[in-house]
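S.K.: I'd like to ask you about the structure that follows.
The values are calculated or read from the model by the stated rules, or taken from the named source; none is laboratory data. Quick caveat: nothing in here was measured; it's all calculated off a predicted structure. Note: ideal-geometry Cβ built from the backbone for every residue, glycine included; neighbour counts use all protein chains shown. The area values use the complete protein model at the heavy-atom level, side chains included, leaving out ligands, DNA and RNA. Shrake-Rupley method; radii C 1.70, N 1.55, O 1.52, S 1.80 Å.
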Amino acid sequence: MDDKLFFIWKKGERVQLSKSFNSLELECKCKNPDCVEQRISKKLVENAQKVRDEYGKSITVTSGYRCPKHNKAIGSIETSQHPKGEALDITGSDLDALYGACENHFQAVGDARHNKKFIHVDTRSDRKRRWNY
């Protein structure tokens, strides 16, 4: 991984990553004391900011970076983009409008609007990907 393509910080450190997003809301939510270094793709943050600007309302990040231990502990798949710092799960007050904005700025969009109340976005760009949870 090319570190120049990522924001890297220590867990608990507040760094403003874009106009609307800071490091605290994107870091791993685990309690593992070994989970110190955090990383998130600059492209992911840039596209998430575009979504936020188009959406025009607050967005809550329910899951950003996940350390490998946390990703496994919550039962996520091994190929998850979260431990790579390449994915976000987000929610907002109007999930249909938020989903539309996500489709405009991400190639990979997972839809959990109707059951789990979030939208997954990640930086994979090899082809358009859409799926439901």
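S.K.: Would you mind computing, in nm to one decimal, how far apart the modelled labels at Arg130 and Lys57 are, each placed 7 Å from Cα along Cα→Cβ?
M.R.: The answer from the label model is 2.1 nm.
S.K.: Another question, if that's okay. Using only Cα atoms, tell me the angle between helix 95-105 and the longest principal axis of the chain; keep it within 0 to 90° and round to the nearest 10.
M.R.: It is inclined by approximately 80 degrees.
S.K.: A further question on this structure: Given H placed 1.01 Å from N in the peptide plane, which residues other than close sequence neighbours of Val15 have an amide H under 5 Å from its amide H?
M.R.: The list, which skips near neighbours in sequence, is Ser23, Leu24.
S.K.: Ignoring ligands, DNA and RNA, what percent of the accessible area of the chain is carbon or sulfur (1.4 Å)? Don't skip to the end; give the middle numbers.
M.R.: Values: 3600 of 7260 Å².
Of the solvent-accessible surface of the chain, carbon and sulfur hold 50 percent.
S.K.: From the phi angles alone, apply the Karplus equation (6.51, -1.76, 1.60; θ = phi - 60°) to the range 78-91 and give each ³J(HN,Hα) in whole Hz, x where the residue is Gly or Pro.
M.R.: Each residue of the range 78-91 in turn: 4, 8, 3, 7, 4, x, 8, x, 10, 8, 9, 10, 10, 8 Hz.
S.K.: Another question, if that's okay. Could you tell me the center-to-center distance, by alpha carbons, between the range 51-98 and the range 1-26 in angstrom?
M.R.: The distance from the Cα centre of the range 51-98 to that of the range 1-26 comes to 14 Å.
S.K.: Straight-line reach from Lys29: which aspartates and glutamates have Cα under 14 Å away, leaving out those fewer than 8 places along the same chain?
M.R.: Glu13, Glu37, Asp89
S.K.: On to the next question. Please turn the phi angles of the range 66-76 into ³J(HN,Hα) values with the Karplus equation 6.51 cos²θ - 1.76 cosθ + 1.60 (θ = phi - 60°), one per residue in order, whole Hz, x for glycine and proline.
M.R.: Along the range 66-76, the couplings run 10, 5, x, 5, 5, 4, 5, 4, 8, x, 6 Hz.
S.K.: How high is the relative contact order of the chain? Use alpha-carbon pairs under 8 Å, at least six apart in sequence, and give a whole percent. Walk me through the numbers on the way to the answer.
M.R.: Values: 246 pairs, mean separation 26.7, N = 133.
After rounding, I find 20 percent.
S.K.: On to the next question. Note the full-extension length gain between Glu46 and Lys10 as 0.36 nm times their separation in residues minus their Cα-Cα distance, in nm to one decimal. If you can, show how the numbers build up before the last one.
M.R.: Values: separation 36, 0.36 × 36 = 12.96 nm, distance 2.04 nm.
Taking 0.36 nm per residue and subtracting the Cα distance, the gain is 10.9 nm.
S.K.: What is the gain in length, in nm to one decimal, between Asn32 and Ser93 on full extension, counting 0.36 nm per residue of separation less the C-alpha to C-alpha distance?
M.R.: On the way: separation 61, 0.36 × 61 = 21.96 nm, distance 3.11 nm.
Extending this stretch completely gives an extra 18.9 nm.
S.K.: Mind pulling the angle between the C-alpha long axis of helix 42-55 and the longest principal axis of the chain? Nearest 10 degrees, somewhere in 0 to 90.
M.R.: So the helix axis and the longest Cα principal axis differ by about 40 degrees.
S.K.: Continuing with the same structure: Kirkwood Rh over alpha-carbon pairs of the chain, then Stokes-Einstein at 37 °C and 0.692 mPa s: what D in µm² s⁻¹, rounded to an integer? Provide the component values of the computation, followed by the final result.
M.R.: Numbers: Rh = 14.8 Å.
Roughly 222 µm²/s, to the nearest whole number.
S.K.: Here is a follow-up. Please list 3J(HN,Hα) in residue order for the range 106-121, calculated via the Karplus relation 6.51 cos²θ - 1.76 cosθ + 1.60 where θ = phi - 60°; whole Hz, with x for glycine and proline.
M.R.: 9, 7, 10, 9, x, 9, 10, 4, 8, 10, 9, 6, 8, 10, 9, 10
S.K.: Show me the ranking of peptides 25-35, 81-91 by mean Cβ neighbours inside 10 Å, starting with the highest. The partial results should precede the final answer.
M.R.: Values: 25-35: 15.4, 81-91: 22.6.
Taking the mean over residues of other Cβ atoms within 10 Å, the ranking is 81-91, 25-35.
S.K.: So what's the net charge close to His120: Lys and Arg +1, Asp and Glu -1, counting the other residues with Cβ under 13 Å from its Cβ?
M.R.: Details: positive: Arg66, Arg113, Lys116, Lys117, Arg124, Arg129, Arg130; negative: Glu86, Asp89, Glu103, Asp111, Asp122.
My count for the surroundings of His120 gives +2.
S.K.: Another question, then. Projecting each Cα onto the charge dipole of the chain (Lys/Arg +1, Asp/Glu -1 at the beta carbon, about the Cα centre), which of Gln38, Gly100, Ile90 comes out farthest on the positive side?
M.R.: The residue sitting most towards the positive pole is Gln38.
S.K.: Placing +1 at every Lys and Arg Cβ and -1 at every Asp and Glu Cβ, with all other atoms neutral, what dipole size does the chain have around its Cα centre, in debye to the nearest 20?
M.R.: On the way: 25 positive and 19 negative charges, 38 e Å.
That gives a dipole near 180 debye.
S.K.: Which three numbers, in whole Å and largest first, are the semi-axes of the equivalent ellipsoid of the range 1-49 derived from its Cα gyration tensor as √(5λ)? Mind dumping the intermediate values first?
M.R.: Numbers: eigenvalues 67, 34, 14 Å².
Value: 18, 13, 8 Å, ordered largest first.
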